[in-house]
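Have a look at the structure below, then the notes.
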Amino acid sequence: MLRWVIPDGLLGFSGSVARAPHLLQALLDDGTLAGIEAVPGAVLTLLGEGHSWQADGAAVRSALVDALGVPGSWEPAAGAVGVGPDEALEAAAREIAAGPVGAIATAHGGSFNVRTVADGVVEVALEGACRDCPAAVITMHARFEHLLRRRCPWLAGVREAPRSAS
């Protein structure tokens with residue numbers, strides 16, 4: 001299986017692909033690909049039995065690039081779920097918070113957690129050592145928001161989640 005990174009929210013669904021645009025569908029039909037799965041920010045391609053990435057990788061890449069040019073032509077399989085802008089934004093925000101930004105927070109004894117996403121606004125909770133740290137707010141905007149906006153240009157903003165009463 002190979003994971004191909006694509007723009008967040010491009011396909012509008014997450015799950016198995018029932019029908020793909022022409023060239024990619026041909027690779028499914030002839031057995032080069034055993035399956036295609038759309039996930040937030042990526043397409044997963046599974047090679048068919050007897051095929052190799054060395055022999056078939058270039059054809060898969062070319063067909064995928066062609067297919068991504070017509071995102072409305074992809075048909076989700078039964079059981080796939082629709083992914084709107086807020087769902088795509090949340091998936092990207094959680095990935096960034098768990099990755100590079102979360103590593104910074106953890107290294108300083110804190111945590112950076114996505115709480116909610118609504119109407120393009122991401123609320124994050126700064127916890128532990130990050131809770132009262134002025135640098136954490138800078139990290140939230142300078143790092144997290146910057147990385148998130150690069151992946152999801154429709155981001156309306158990032159703000160700190162209201163603190164619960166202790």
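So that you can scan it fast, the table gives a plain yes or no per residue for (1) outside the structural domain of Ala129 (by TED's automatic domain parsing); (2) over 30 Å from Leu126 (Cα atoms); (3) part of a helix (DSSP H, G or I):
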residue: Gly35; (1), (2), (3): yes, yes, no
residue: Leu44; (1), (2), (3): yes, yes, no
residue: Gly50; (1), (2), (3): yes, yes, no
residue: Gln54; (1), (2), (3): yes, yes, yes
residue: Asp66; (1), (2), (3): yes, yes, yes
residue: Ala91; (1), (2), (3): no, no, yes
residue: Arg94; (1), (2), (3): no, no, yes
residue: Ile104; (1), (2), (3): no, no, yes
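For the stretch 66-85, filtering for residues that are polar (S, T, N, Q) and within 18 Å of the chain's Cα centre (by Cα) leaves 0.
Quick check: is even one residue across the stretch 94-107 farther than 26 Å from Ile6 by Cα, in contact with a strand residue (DSSP E or B) (Cβ under 8 Å, 6 or more places away or on another chain) and either of a type outside the set (Val, Ile, Thr) or at pLDDT 95 or above (or both)? For the stretch 94-107, residues farther than 26 Å from Ile6 by Cα, in contact with a strand residue (DSSP E or B) (Cβ under 8 Å, 6 or more places away or on another chain) and either of a type outside the set (Val, Ile, Thr) or at pLDDT 95 or above (or both): present.
Residues of the stretch 101-139 that are surrounded by fewer than 16 Cβ atoms within 10 Å (Cβ to Cβ) and touching a Lys or Arg at 6+ places or on another chain (Cβ under 7 Å): Val121 alone. Restricting attention to the stretch 106-142, the residues that are under 20 Å from Ser164 (Cα atoms) and in a helix (DSSP H, G or I) add up to 4. Residue check: is Val60 under 22 Å from the mean Cα position of the chain (by Cα), surrounded by 17 or more Cβ atoms within 10 Å (Cβ to Cβ) and in a helix (DSSP H, G or I)? It is true that Val60 is under 22 Å from the mean Cα position of the chain (by Cα), surrounded by 17 or more Cβ atoms within 10 Å (Cβ to Cβ) and in a helix (DSSP H, G or I).
Selection of the stretch 140-150 for residues being closer than 12 Å to Leu89 by Cα and surrounded by fewer than 19 Cβ atoms within 10 Å (Cβ to Cβ) yields Leu147, Arg149, Arg150. Restricted to the stretch 1-41, and to residues there that are over 19 Å from Ile96 (Cα atoms) and of a type in the set (D, E, K, R), the residue that is surrounded by the most Cβ atoms within 10 Å (Cβ to Cβ) is Glu37.
For Gly15, the conditions (1) at positive phi; (2) in a loop (DSSP other than H, G, I, E, B) are fulfilled apart from (2).
So that you can scan it fast, the table gives a plain yes or no per residue for (1) in contact (Cβ under 8 Å) with a residue 24 or more places away in the chain; (2) not small (Gly, Ala, Ser):
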residue: Gly48; (1), (2): no, no
residue: Asp56; (1), (2): yes, yes
residue: Ser62; (1), (2): yes, no
residue: Asp66; (1), (2): yes, yes
residue: Val81; (1), (2): yes, yes
residue: Leu89; (1), (2): yes, yes
residue: Ala93; (1), (2): yes, no
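The values are calculated or read from the model by the stated rules, or taken from the named source; none is laboratory data. Computed from a predicted structure; not experimentally measured. Cβ coordinates were reconstructed from backbone atoms using ideal geometry, including for glycine residues, and neighbour counts include every protein chain displayed.
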